[in-house]
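First comes the structure, then the notes that go with it.
The values are calculated or read from the model by the stated rules, or taken from the named source; none is laboratory data. Predicted model, so just to flag it, every value in this text is computed and none were measured. When we count neighbours, we look across all protein chains shown, and the Cβ atoms used for this are built from the backbone with ideal geometry, even at glycine.
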Amino acid sequence: MRRKSLAPLLAAAGLMATTVPLLTATQATAAGADAAYLKQKPNWQRCAADQPAAYECATLKVPLDYRRPEGRKIDLAISRIKSTDPGKRHGILLSNPGGPGGSGLDMPLMMNQLMPKDVRERYDLIGFDPRGVGRSNPITCGLTAAEENFDRAYRPGTYAADIAWARTVADKCREKSGDVLRHITTRNTARDMDTVRAVLGEKKTSFVGYSYGTYLGAVYSQMFPQRTDRFVLDSAVDPQRAWRGMIQVWATEAEPAFKRWTGWAAERNGAYGLGTTPDAVSKTFWGLVAQADKKPIDFFGTKLKGDDIRAGRAIFFYPQQASDIVKQLKAAAEGKPLPKNRATADDLRKLLPGTLLADAYAGPARGAEPGAPADNGSAVFWAVVCGDTAAWPRYTEQYARDAAADKKKYPLYGDMASNIKPCAFWDRPAEAATPMNKQANVLTVQNEWDSQTPLVSGQGMHRALKGSRMVLAAGGEGHAVYLFDPRSCVNAPVNDYLSTGRLPAKDLTCKNPPADASRRVAPSPSGSGSPAVPFPNGTPRF
């Protein structure tokens with residue numbers, strides 16, 4: 001997420017589509033079973049000369065509008081690494097790194113490297129850039145870097161500028177992406193996944209989805225329950241909070257994380273010098289915010305205001321890293337030398353892409369995927385979170401009331417989470433959000449301390465999907481668990497499920513081994529050839 005957004009996903013069971021509704025999954029199957037696009041044959045080619053020969057790419061043509069399957073088509077870039085043991089092969093395993101707006105084309109490279117051999121041999125690993133992303137006809141809103149930032153602190157005196165920003169983003173997206181924009185939704189991406197399944201000649205789809213990918217997987221399971229095989233939903237979005245609520249949950253859950261951090265830092269005052277009690281540590285932090293509000297703090301050459309510091313709310317889910325950074329902020333505020341700790345720079349950049357705090361500490365992140373517009377991630381992010389649901393408030397006054405109230409209740413990030421967003425001025429969705437009312441025998445996994453999809457969000461997904469099981473890493477820190485944290489106790493039950501298809505008999509809570517100092521914010525497998533997952537570059541991501 002370039003700012004982090006999480007909070008209540010929408011409970012969409014009762015929403016009415018505001019335009020002609022799309023066909024149901026059953027109707028679409030009956031109407032489109034003989035559609036020409038389902039009969040295409042992928043022209044597999046080696047993805048790149050500097051990548052393994054087994055890593056192959058192809059481009060499919062899928063309907064822009066599935067209500068008109070013989071109409072306009074768009075590209076869907078897909079990839080694969082085939083199973084090396086046909087005797088053990090179970091089927092295909094699709095994956096998604098999160099977003100909305102994350103490129104997943106090279107996910108098979110990462111999974112091929114990190115999956116245990118006995119699990120990996122059971123699947124053809126299939127990656128894809130979701131519609132509108134990367135190599136799949138990338139969309140743009142023509143946004144500047146400043147327009148992509150939505151960590152906007154609420155103040156009555158500047159609220160008119162916030163409204164103008166939100167309206168400008170919505171207008172520019174509409175202008176630049178036109179009729180395509182309303183078709184960049186989770187439901188259509190789920191339909192694209194089922195097209196991939198059909199084109200590859202498979203009866204069912206297995207799937208590993210991270211962050212936003214969990215919502216995509218859940219939607220697929222409800223639209224195509226008979227084709228849902230082994231689904232792992234890692235670090236989950238709460239369907240009842242899509243999407244404004246998922247941004248707001250960043251604020252509510254940052255507060256207990258902050259409290260936990262103050263205790264951790266107080267116990268290590270000798271190392272960090274932030275205070276001997278949790279209250280003293282809290283006062284140190286808020287004193288820095290107040291000081292930066294009066295006179296910005298020069299932090300590695302970047303002038304940070306108090307709001308810039310508050311926007312870093314996600315660091316407090318990682319007490320050691322938060323302590324490192326706040327210690328250096330304190331030193332900067334006191335005019336002391338700053339020995340830059342590069343060990344955490346890349347991790348911070350992934351956690352807080354685009355924030356001034358991350359840019360100051362780690363340097364600016366690289367831009368969009370090669371060949372895609374610089375704001376591609378932001379454009380897809382808004383297309384999905386605004387186009388998936390009609391639940392966004394339409395009255396600017398409501399955002400102002402909510403932001404003012406939440407600034408008092410959740411002082412770290414509450415006003416930024418609840419402040420106005422471009423969705424207030426978005427066109428009405430083409431169809432209603434997906435009700436979660438069908439049995440879904442899927443496995444959800446979660447760290448207890450996850451900054452992007454906090455525990456309450458993962459629990460919400462588990463409740464929403466009847467028949468699901470949950471594996472919780474008690475005390476676990478980090479966003480994305482399976483394969484990304486090799487020490488996680490979650491890996492074993494996930495591998496067993498992917499190997500056998502058998503869910504645990506009941507929900508499991510496990511405890512990780514003692515924390516590894518290298519496990520900071522967002523693990524990025526070195527040498528995998530893939531981008532950090534599930535933190536695509538650019539805008540805030542789930």
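With the requirement that a residue be part of a loop (DSSP other than H, G, I, E, B) and touching a helix residue (DSSP H, G or I) at 6+ places or on another chain (Cβ under 6 Å), what does segment 100-125 give you? Write out each step before concluding.
Our first condition is that a residue be part of a loop (DSSP other than H, G, I, E, B); within segment 100-125, this holds for 100-106, 115-116, 121-122.
If the condition is that a residue be part of a loop (DSSP other than H, G, I, E, B) and touching a helix residue (DSSP H, G or I) at 6+ places or on another chain (Cβ under 6 Å), then Pro100, Gly101, Pro116 are the ones that fit.
If the requirement is being touching a Cys at 6+ places or on another chain (Cβ under 9 Å), buried (at least 19 other Cβ atoms within 10 Å of the Cβ) and small (Gly, Ala, Ser), which of these qualifies: Ala403, Ala372, Ala390, Ala379? Spell out the reasoning first.
Numbers: Ala403 fails: touching a Cys at 6+ places or on another chain (Cβ under 9 Å); Ala372 fails: touching a Cys at 6+ places or on another chain (Cβ under 9 Å); Ala390 fails: touching a Cys at 6+ places or on another chain (Cβ under 9 Å).
Checking each option against the conditions leaves just Ala379.
Could you say which residue among Ala153, Ala161, Ala146 is assigned to a helix (DSSP H, G or I), surrounded by fewer than 23 Cβ atoms within 10 Å (Cβ to Cβ) and modelled with pLDDT of 95 or more?
Working: Ala153 fails: assigned to a helix (DSSP H, G or I); Ala146 fails: modelled with pLDDT of 95 or more.
Going through Ala153, Ala161, Ala146 in turn, the sole match is Ala161.
Does Ser79 qualify as being assigned to a strand (DSSP E or B), modelled with pLDDT of 95 or more and either among the hydrophobic types (A, V, I, L, M, F, W, C) or more than 18 Å from Tyr220 (Cα to Cα) (or both)?
Values: assigned to a strand (DSSP E or B): yes; modelled with pLDDT of 95 or more: yes; either among the hydrophobic types (A, V, I, L, M, F, W, C) or more than 18 Å from Tyr220 (Cα to Cα) (or both): yes.
For Ser79, the condition - assigned to a strand (DSSP E or B), modelled with pLDDT of 95 or more and either among the hydrophobic types (A, V, I, L, M, F, W, C) or more than 18 Å from Tyr220 (Cα to Cα) (or both) - is met.
Can you tell me which residue in segment 468-480 is farthest from the chain's Cα centre (by Cα), limited to those that are modelled with pLDDT under 95 and part of a loop (DSSP other than H, G, I, E, B)?
Gly478
Collect the residues in segment 287-325 that are of a type in the set (Lys, Arg), out of contact with any Pro (no Cβ under 9 Å at 6 or more places or on another chain) and surrounded by fewer than 20 Cβ atoms within 10 Å (Cβ to Cβ), keeping them in residue-number order. Can you show your working first?
If we filter segment 287-325 for residues that are of a type in the set (Lys, Arg), which is where we start, we get 294-295, 303, 305, 310, 313.
If we keep only those that are out of contact with any Pro (no Cβ under 9 Å at 6 or more places or on another chain) as well, we get 294-295, 313.
Residues satisfying the conditions are Lys294, Lys295.
Please go through segment 192-234 and pick out each residue that is small (Gly, Ala, Ser), buried (at least 24 other Cβ atoms within 10 Å of the Cβ), out of contact with any Phe, Trp or Tyr (no Cβ under 6 Å at 6 or more places or on another chain) and over 18 Å from Lys438 (Cβ atoms).
Scanning segment 192-234 gives a single hit, Gly213.
Go through (1) touching a residue at least 24 places away in the same chain (Cβ under 8 Å); (2) surrounded by fewer than 23 Cβ atoms within 10 Å (Cβ to Cβ); (3) of a type outside the set (S, T, N, Q) and name the single condition Ala48 misses.
Just one mismatch for Ala48, condition (1).
If we scan segment 422-434, do we find a residue that is within 20 Å of the chain's Cα centre (by Cα), under 19 Å from Ala146 (Cα atoms) and assigned to a loop (DSSP other than H, G, I, E, B)? Explain how you work it out, then say what you get.
To start, the set of residues in segment 422-434 that are within 20 Å of the chain's Cα centre (by Cα) comprises 422-423, 433-434.
Then drop every residue that is not under 19 Å from Ala146 (Cα atoms), which leaves 422-423.
Next, only the ones that are assigned to a loop (DSSP other than H, G, I, E, B) stay: none.
Looking for residues that are within 20 Å of the chain's Cα centre (by Cα), under 19 Å from Ala146 (Cα atoms) and assigned to a loop (DSSP other than H, G, I, E, B), one finds none in segment 422-434, hence no.
Tell me the residue from Thr59, Thr84 that is assigned to a strand (DSSP E or B), of a type outside the set (Gly, Ala, Ser), in contact with an Asp or Glu (Cβ under 7 Å, 6 or more places away or on another chain) and touching a residue at least 12 places away in the same chain (Cβ under 8 Å), please.
Unique residue meeting the criteria: Thr59.
State which residue pairs qualify: first residue farther than 16 Å from Lys330 by Cβ and inside segment 294-307, second residue part of a strand (DSSP E or B) in any location, beta carbons under 8 Å apart, and separation of 6 or more residues or different chains.
Sorted first by the residue in segment 294-307, then by its partner, the pairs are Lys303/Ile297.
Filter segment 406-436 down to the residues that are of a type in the set (A, V, I, L, M) and either surrounded by fewer than 19 Cβ atoms within 10 Å (Cβ to Cβ) or at pLDDT 95 or above (or both) and list them by number. Write out each step before concluding.
Within segment 406-436, the first condition is being of a type in the set (A, V, I, L, M), and the residues that meet it are 412, 416-417, 420, 424, 430, 432-433, 436.
Result: Leu412, Met416, Ala417, Ile420, Ala424, Ala432, Ala433, Met436.
Run Val533 past the list (1) within 25 Å of Glu255 (Cα to Cα); (2) under 16 Å from the mean Cα position of the chain (by Cα); (3) at pLDDT below 95 and report the number of the one that doesn't hold.
Unmet condition: (1).
Considering only residues that are acidic (Asp, Glu) and within 19 Å of the chain's Cα centre (by Cα), which ones fall in segment 216-261? Write out each step before concluding.
From segment 216-261, those acidic (Asp, Glu) are 229, 234, 238, 253, 255; that's our starting set.
Answer for segment 216-261, where residues must be acidic (Asp, Glu) and within 19 Å of the chain's Cα centre (by Cα): Asp234, Asp238, Glu253.
Could you give me the residue pairs with C-beta distances under 7 Å whose first residue belongs to segment 166-189 and is at negative phi, whose second residue is outside any helix (DSSP H, G or I) and aromatic (Phe, Trp, Tyr) wherever it lies, and which are 6+ apart or on separate chains?
Listed by first residue and then by second, the contacts come to Ala170/Trp426; Asn188/Tyr66.
Looking at Thr189, Thr168, which is the one that is polar (S, T, N, Q), part of a helix (DSSP H, G or I) and buried (at least 20 other Cβ atoms within 10 Å of the Cβ)? Give the derivation first.
On the way: Thr168 fails: buried (at least 20 other Cβ atoms within 10 Å of the Cβ).
Every option except Thr189 fails the conditions.
Has segment 122-143 got at least one residue that is free of Cβ contacts under 8 Å to residues at least 24 places away in the same chain and out of contact with any strand residue (DSSP E or B) (no Cβ under 6 Å at 6 or more places or on another chain)? Spell out the reasoning first.
Of all residues in segment 122-143, those free of Cβ contacts under 8 Å to residues at least 24 places away in the same chain come to none.
No, segment 122-143 contains no residue that is free of Cβ contacts under 8 Å to residues at least 24 places away in the same chain and out of contact with any strand residue (DSSP E or B) (no Cβ under 6 Å at 6 or more places or on another chain).
Out of everything in segment 264-299 that is among the acidic types (Asp, Glu) and modelled with pLDDT of 95 or more, what residue ends up being farthest from Arg310 (Cα to Cα)? Lay out the reasoning, then the answer.
Initially, segment 264-299 is screened for residues among the acidic types (Asp, Glu), giving 267, 279, 293, 298.
Then keep just the ones that are modelled with pLDDT of 95 or more; that gives 267, 279, 293.
Values: Glu267: 23, Asp279: 18, Asp293: 11 Å.
Across segment 264-299, the extreme among qualifying residues is Glu267.
Table: residues versus (1) assigned to a loop (DSSP other than H, G, I, E, B); (2) under 26 Å from the mean Cα position of the chain (by Cα).
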residue: Ala271; (1), (2): no, no
residue: Leu274; (1), (2): yes, no
residue: Phe285; (1), (2): no, no
residue: Val289; (1), (2): no, no
residue: Gln320; (1), (2): no, yes
residue: Asp324; (1), (2): no, yes
residue: Gln328; (1), (2): no, no
